[in-house]
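Please read the structure below before turning to the comments.
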Amino acid sequence: MTPFKLAAAAAIFTTLLFHPGCAASTPSAPPTPATLGVVRAHGRLHTAGNRLVGADGRPVSLAGVSYGWSQWEAARFYNADVVNWLKQDWHATIIRAPLGIHEEDGYLQHPARNLARVTRVVDAAIAAEVYVIIDWHDHQAQLHSEQAVAFFSDMARRYGKHPNIIYEIFNEPKTGLTWARDVKPYAEKVIAAIRAIDADNLIVVGTPNFSQNVDVAAADPLKDPNVAYVLHFYAGTHKQGLRAKALKALELGAPLFVTEWGTCDASGKGPIDEKSVGEWFAFMHEHQLSHCNWAVYDKSETAAIVHRSAGSKGHWREDDLSPSGKYARTLIRGWGE
């Protein structure tokens, strides 16, 4: 068994041991050295072959949490207190801040309020010395390329000097969009705008069919040398078939980044599929993939990590966390052990 598989087995064993009666979510141990200074430890991230590496060229594998859409149930959690709690209590080394774009009350309708939420999280992540993904959370970003160019140009000017920053320029291209016709030309346009200002920070790009077709993107890669391709999985829906696509992409030399994964099915509902999560975690350990659990929000569905009774500023106890939240917290805390 490889070291990564041993680590995966240990994480799964820890989960099975503690998940059924998960202890109160006040920290049982101080944060690990990695979470105390993960950005100082690794510096600005870049790709090397099919791996994500730090400034020293050593592989980096981050584990953290994604917020939900900025305009809905997650909105009240977009603050520094929650970011700091996720670092302190969950031992998160990465936070994802999804800017909801085209849906009701999103950025296209209410730019100022959604932008303010995202920048609060980004500023807090920089202060907390964790990595942060600025996510253009859109299923049809090719229709909003001018807005995306303006947004990411602004983000690059504001934050490009910070090594914490990762730009996710297209969250989940919907079914029916193709890589060659729709996603790649959009990505080339937005990447050019970012690189005119920020030549160095990592950019991640969603792939067709809701970030499933990583193999297609890997066969026709972008020319930028510091790009990774987005893979999303929901354990109840996505199984070995998607891992086969991911493995093919890796074999083609494409670096992958799991910016969103769920314990349940792709609707955000259904039972927690611990067997499938364990298989995915073994795969991510083996290939040193970084990942963010979906998500910080309080809607009454499986994927939400907290109940509506949870406070808006973190400091959550066991009964504030959903079953999925308890499970994901255990896995994230154990990722680097």
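What follows is calculated from the coordinates using simple rules that are stated; it is not laboratory data. A quick note: this is a predicted structure, and the numbers were derived from the prediction, not measured. Cβ sites come from the backbone with ideal geometry, for glycine too, and all protein chains shown count toward neighbours.
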Would you mind giving the average projected area, over all directions, of the Cα convex hull of the range 278-337 in nm² with one decimal? 4.5
Neighbour-limited loop hits for GluC sites (Glu not before Pro), the range 251-303 (at most 12 other Cβ within 10 Å; DSSP other than H, G, I, E, B): none
Quick one: compute a quarter of the convex hull surface over the Cα atoms of the range 36-194 and quote it in nm². 9.6
Could you grab the relative contact order for the chain? Cα pairs under 8 Å, six or more apart, rounded to a whole percent. 22
Assigned charges on the beta-carbon of Lys, Arg, Asp, Glu; the chain dipole about Cα centre (debye): 420
Which whole-number percent gives the relative contact order of the range 74-173, counting Cα pairs below 8 Å spaced six or more residues apart? 30
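For the pair Lys275 and Ala219, what calculated FRET efficiency results from E = 1/(1 + (r/R0)^6), where r is the Cβ-Cβ distance and R0 = 22 Å, to the nearest 0.05?
The value I calculate is 0.10.
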Take the Cα atoms of the range 3-333, build their convex hull, and give its volume per residue in Å³. 117
Ignoring everything except DSSP H segments at least 4 long, calculate the 222 nm mean residue ellipticity for the chain; use -39,500 (n - 2.57) per segment, divide by total residues, nearest 500. -11000 deg cm²/dmol
Normalise the Cα radius of gyration of the range 54-144 by 2.2 N^0.38 Å (N = residues in it) and let me know the number. 1.14
Using only the alpha carbons of the range 181-337, determine the length spanned along each of the three principal axes and report them from longest to shortest in whole angstroms. 48, 36, 32
